[in-house]
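The values are calculated or read from the model by the stated rules, or taken from the named source; none is laboratory data. Bear in mind the structure is a predicted one, so any value in this text is a computation, not a measurement. Note: ideal-geometry Cβ built from the backbone for every residue, glycine included; neighbour counts use all protein chains shown. Heavy atoms of the whole protein, side chains included, go into the accessibility calculation; ligands, DNA and RNA do not. Shrake-Rupley method; radii C 1.70, N 1.55, O 1.52, S 1.80 Å.
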Amino acid sequence: MKWTFENAKIKGRIVLTDSLHEDPDLLKDKTLYKFIWVDSGEVELDIDHQHVVLKKEQLVPLSHLHHLEFLRIEGKCYALMFNGNFYCIHGNDHEVSCNGLLFHGSSHVLTFVLSEDERRKIDTLTRIMQEEFLSTDHLQDEMLRVLLKRFIILCTRIAEDRQGAVRENKIGRASCRERGEVSVVGGSLKKKI
């Protein structure tokens with residue numbers, strides 16, 4: 001299935017699909033940020049000429065700059081994609097923006113194994129999104145943007161947890177606290193030297 005919403009006024013687009021590998025037009029679209037996760041089985045990908053195998057309950061966030069090719073599909077995977085006009089231009093907090101940790105926080109492809117609770121949250125969000133894609137009222141655009149932001153916040157929390165990075169707010173400004181080998185500095189993932 002493929003669910004799509006486009007806002008012609010701002011040229012914004014969001015897509016949720018379980019058949020990205022069968023859609024050459026979507027794969028060629030260099031404006032889309034992507035989240036890909038495996039529901040069952042495994043998926044073999046080429047991401048910027050880097051071989052990546054995603055297994056059940058693994059997720060990868062990709063920016064619009066990543067080159068993606070599906071090499072092998074054995075099971076089912078989902079992709080949630082959006083362009084900058086749909087989400088990025090709306091002045092989101094730096095950590096959950098299109099320039100935040102998930103899309104530009106590392107020079108390496110980030111992959112995460114989802115816990116049972118994280119998987120449940122992602123499943124719930126995607127079910128609600130599927131329902132919202134079927135709505136046709138004047139609130140659909142905003143509701144999909146809110147759900148996408150929640151998805152991005154959830155994935156940012158997962159990334160911070162897996163990378164050992166913690167954000168703290170102190171008197172209205174963000175500061176970082178190192179934990180382990182990695183910290184978030186100025187919105188970018190930096191290795192401790």
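Run residue 134 past the list (1) at pLDDT 75 or above; (2) open to solvent by 80 Å² or more (accessible area, probe 1.4 Å); (3) of a type outside the set (Lys, Arg); (4) touching a Gly at 6+ places or on another chain (Cβ under 7 Å) and report the number of the one that doesn't hold.
Exception for residue 134: condition (4).
What are the residues in segment 48-67 that are surrounded by fewer than 20 Cβ atoms within 10 Å (Cβ to Cβ), assigned to a strand (DSSP E or B) and touching a strand residue (DSSP E or B) at 6+ places or on another chain (Cβ under 8 Å), if any?
Once the filter is applied, which keeps residues that are surrounded by fewer than 20 Cβ atoms within 10 Å (Cβ to Cβ), assigned to a strand (DSSP E or B) and touching a strand residue (DSSP E or B) at 6+ places or on another chain (Cβ under 8 Å), segment 48-67 yields 51, 52, 53, 55, 58.
Test of understanding: among 80, 102, which residue is closer than 17 Å to residue 158 by Cα and either over 11 Å from the mean Cα position of the chain (by Cα) or at pLDDT below 80 (or both)?
Result of the check over 80, 102: 102.
Can you tell me which residue in segment 7-45 is nearest to residue 136 (Cα to Cα), limited to those that are assigned to a helix (DSSP H, G or I) and open to solvent by 10 Å² or more (accessible area, probe 1.4 Å)?
25
Give me a count of the residues in segment 105-129 that are of a type in the set (Ser, Thr, Tyr), surrounded by 15 or more Cβ atoms within 10 Å (Cβ to Cβ) and at pLDDT 80 or above.
2
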